[in-house]
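Data block below; observations after.
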Amino acid sequence: MSKLVMRRMFFLSLIACAIVIWIAQPPAHSQSSNDVVYFIPVEQSVERGLEAFLRRALSTAVEEGATHIVLEIDTPGGLVDAATEIAYLIRQTEVPITAYVIGKAWSAGAYIALNADQIVMAPGTTMGSAAVIDGAGNAAEDKMQSAWLATLEEAAKLNGRDPIYARAMADTSVNLPEVGAGEGKLLTLTSGDAIKVGYAEAIANDRDHLLTFLEAENAVIKDLEVSFAEKIARFVTHPVIIPILLSIGSLGLVLELYSPGFGIPGIMGLSALFLFFFGHLVAGFAGFEVVILFVAGIVLIIVEIFFPGFGIFGILGIVAIIGSMVLASYSTVNILLSILIAVVVTVVVSVFFFKYFGYKGPLKKMILTYATTSEQGYVSNPTRQELVGKVGYTSTVLRPSGTVIFDDERLDVISEGGFISQGKKVKIVATQGSRIVVREVEDQS
């Protein structure tokens, strides 16, 4: 065989091997074809309802084989304790998580973003302004502020970010004029500033741009939305809504007891209490045992109302109801404050209602509403008006009460002016029931 033929065979063999290797090697884009990216919304206020939703969403994404999770953040912030629990959930999730800021990530929202593996921001978005405030809108006490600053700094350190910027988000004493946060101002990073200081890895105009950054252009996209039940749960477990629900619930049931039949007050009361327990059940804060405890409390109070005893059933019923609400709630302080507000509202409105509309319900028979008035002919002693003007003589000394004889009739009287001796002439000047008032007069005889 000639050398020329051997060379041709060698080159053909190389070409054949290259073709086989190329066929066996999948295209570059197919490497990401098995990627599954889950998009989870982090919207509205950060509260316990959002925590419950994210717990369910992150768990579902992991179980269904997600290769990447994106939290689409647009929140003004919220409860610190809820944000802390959410951050813990993020850190415990083994699947990589990207925080994609599509609106604002303020306060608790900024803290949530800092706990993700990376942060990407859309143009025109902001992150920061994370000062802690109390329920009245005032700055939190030093103890809480100090703990929150340490928490923010540690979150920043998770992914090698400079903690000074996290501190500046909640501490006005930090001076960072180069990013618009001079002394006395809280830091709020724009998307450009976040890139500059290393608090964001990229700016993405939309999801496609984000997926390109994540090298998952051909990934399967799945959205985890908040279910209708979870939307209700997020609404009714809000700290502001809870006292309103409890007020409507207690007031509605009280008014129903004093209203004829079963009508609007009872429906409103039961509906409010149903929403309270339903929301806490869906959010995962309570189990059906708290509902059973609440129903048992209602039954005990009804027993006490219709079969009054020593108050034991009533006391046990009240304890059971309050206990069920405390067990259902995520915050003992918040629920006790809500119950106190509900009690005050119920008492005030009930007094007003009963004063102007009266008692017309099934408990009417248990309340004494009849009065024996003089207009109806009920008197304890008749008033002898015909005695006024009569004259008699004291049978005893009046000190100031005593006995006087009028036309052979002995009457118990009281003097108008005090002491009157025996045998003095007196005149009746007024009568009211059994009370007869006399005045001494001069004897002209």
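The values are calculated or read from the model by the stated rules, or taken from the named source; none is laboratory data. Bear in mind that the values here come from a model prediction, so they are computed numbers and not experimental data. We place every Cβ from the backbone using ideal geometry, glycine too, and count neighbours over all the protein chains shown. In case anyone asks, the SASA skips ligands and DNA or RNA and just uses the protein heavy atoms, side chains included. Shrake-Rupley method; radii C 1.70, N 1.55, O 1.52, S 1.80 Å.
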Output for the stretch 160-184, where each listed residue is at pLDDT 90 or above and touching a Ser or Thr at 6+ places or on another chain (Cβ under 8 Å) = MET169
key: Top-ranked residue of the stretch 221-239 - restricted to ones that are touching a strand residue (DSSP E or B) at 6+ places or on another chain (Cβ under 6 Å) and hydrophobic (A, V, I, L, M, F, W, C), ranked as surrounded by the fewest Cβ atoms within 10 Å (Cβ to Cβ)   = ILE221
task = Kindly provide the set of residues from the stretch 91-114 that are buried (at least 21 other Cβ atoms within 10 Å of the Cβ) and either part of a helix (DSSP H, G or I) or of a type in the set (Asp, Glu) (or both), ordered by number.
result = ALA108, GLY109, ALA110, TYR111, ILE112, ALA113, LEU114
query = Do we have ILE248 as part of a helix (DSSP H, G or I), open to solvent by 40 Å² or more (accessible area, probe 1.4 Å) and either among the basic types (Lys, Arg) or within 22 Å of GLN44 (Cβ to Cβ) (or both) here?
reply = no
Failed condition for VAL42, given (1) at pLDDT 90 or above; (2) surrounded by fewer than 23 Cβ atoms within 10 Å (Cβ to Cβ); (3) within 21 Å of the chain's Cα centre (by Cα) = (2)
note = Scanning the stretch 60-90 for residues that are hydroxyl-bearing (Ser, Thr, Tyr), farther than 22 Å from SER191 by Cα and open to solvent by less than 50 Å² (accessible area, probe 1.4 Å) gives THR60
note = Taking the stretch 308-345 and the residues there that are loosely packed, with under 14 Cβ neighbours inside 10 Å, in contact with an Asp or Glu (Cβ under 9 Å, 6 or more places away or on another chain) and among the hydrophobic types (A, V, I, L, M, F, W, C), the one that is nearest to LEU246 (Cα to Cα) would be ILE315
query = modelled with pLDDT of 75 or more, among the β-branched types (Val, Ile, Thr) and open to solvent by less than 80 Å² (accessible area, probe 1.4 Å), is that true of ILE302?
reply = no
ask   = Restricting attention to the stretch 33-72, which residues are more than 14 Å from VAL95 (Cβ to Cβ), among the hydrophobic types (A, V, I, L, M, F, W, C) and in a helix (DSSP H, G or I)?
value = LEU50, ALA52, PHE53
key: Criterion violated by LEU189 - all others in (1) in a helix (DSSP H, G or I); (2) within 33 Å of the chain's Cα centre (by Cα); (3) closer than 18 Å to GLY103 by Cα satisfied   = (1)
request  = Any residue in the stretch 208-229 that's among the aliphatic types (A, V, I, L, M): show its pairings with residues that are part of a loop (DSSP other than H, G, I, E, B) and modelled with pLDDT of 90 or more at Cβ separation under 6 Å, as long as the two are six or more apart or on different chains.
outcome  = LEU210/ALA204
